[in-house]
1. Local charge sum around ILE218 (other residues, Cβ-Cβ under 12 Å, Lys/Arg +1, Asp/Glu -1)?
2. Length gain on complete extension for the stretch ASN222 to SER205, per 0.36 nm per residue less the alpha carbon to alpha carbon distance?
3. So if we plug the beta-carbon distance of ASP130 and GLU152 into 1/(1 + (r/R0)^6) with R0 = 22 Å, what FRET efficiency do we get, rounded to 0.05?
4. Taking neighbour Cβ counts within 10 Å as the exposure measure, how do LYS190, LYS243 sort from fewest upward?
5. Please report, in debye to the nearest 20, how large the charge dipole of segment 72-244 is about its Cα centre when each Lys and Arg carries +1 at its beta carbon and each Asp and Glu carries -1 there.
6. Over all directions, average the projected area of the Cα convex hull of segment 72-244 and note it in nm².
7. Can you list the residues, at least 5 places off or on another chain, whose amide H is less than 5 Å from the amide H of GLY166, using H built in the peptide plane?
8. Once each part is reduced to its C-alpha centroid, what is the distance from segment 137-175 to segment 204-221 in angstrom?
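No lab work stands behind these numbers, since they all come straight from the coordinates. Small disclaimer: the values here were computed from a predicted structure and weren't measured. As a convention, Cβ positions derive from the backbone with ideal geometry for all residues, glycine included, and neighbour counts pool all protein chains shown.
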Amino acid sequence: MKKMIAMLLTAAFGFSLTACGNATNEPKAGNTPSEGFIQMQEQTSETGELLQQETAQDGTVNEADGATSSNILVAYFSWADNAVLEDDVDAVTSPSVVAPGNVQALAGWVQEVTGGDLFSIRVTEPYSSDWDDCLARANQERGENARPALQENVENLDQYDTVFLGYPNWWYGVPMALLTFLEQNDLSGKQVYLFCSHGTGGLASSVEIITEAAPEAIISDNIFDCYEEDAASSQGAVQEWVKGLGY
């Protein structure tokens, strides 16, 4: 009988020790995560790291795309952006002054290929939408070597290393507002590509005028130009020109 009691006591004591041991090794609720939770955390952590890597990769691509788009400026002067339309003006009689005008359209197509930032050079005092009146004022400004005031300048110009610069041929040169732009926005060291809409005068002396106004800019001699009556149908031509430049 005593032997039986001793055996029962021994078994009970052993069970107590086992229970105590299990209680000691088991984490307390709310303090230490369970094994299953740890595994889930590890999986989540790995997944999170993977997502971060994927985001970083996407971010790199996006940043590269962003850099490509943000380091290219497509600046242009267009009569359509600088005129107050008279009531009797329509796209048939004066297509270059009704948006999108010739240079404005060319600039938009350049932007489609390059992803660059568009900037319209706009004067504070708009020109007439009557071509003869506009030409008269343009000729007066040319004779006075005027610098028409602009509504705004380019923000963060330093971020751009490539500039596509568009303009119409006015009086065998450039609109004087383009010279205002060049004097107020230093293009020194920047790669500059010119595109121009013109009449029978072609580029005339416009390239020389721009080169003189921006002597430290790297102005390419690969220039796109088209007759004003052909501008509206020049999307393919101007975009092939841009692609040929490597963009």
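1. -2
2. Answer, rounded to one decimal: 4.6 nm.
3. After rounding to 0.05, the efficiency reads 0.25.
4. LYS243, LYS190
5. Computed about the Cα centre, the dipole is about 360 debye.
6. 9.1
7. Residues meeting the criterion, in which the H sits 1.01 Å from N, are ALA75, TYR76, PHE77, PHE195.
8. Comparing the Cα centres of segment 137-175 and segment 204-221, I get a distance of 12 Å.
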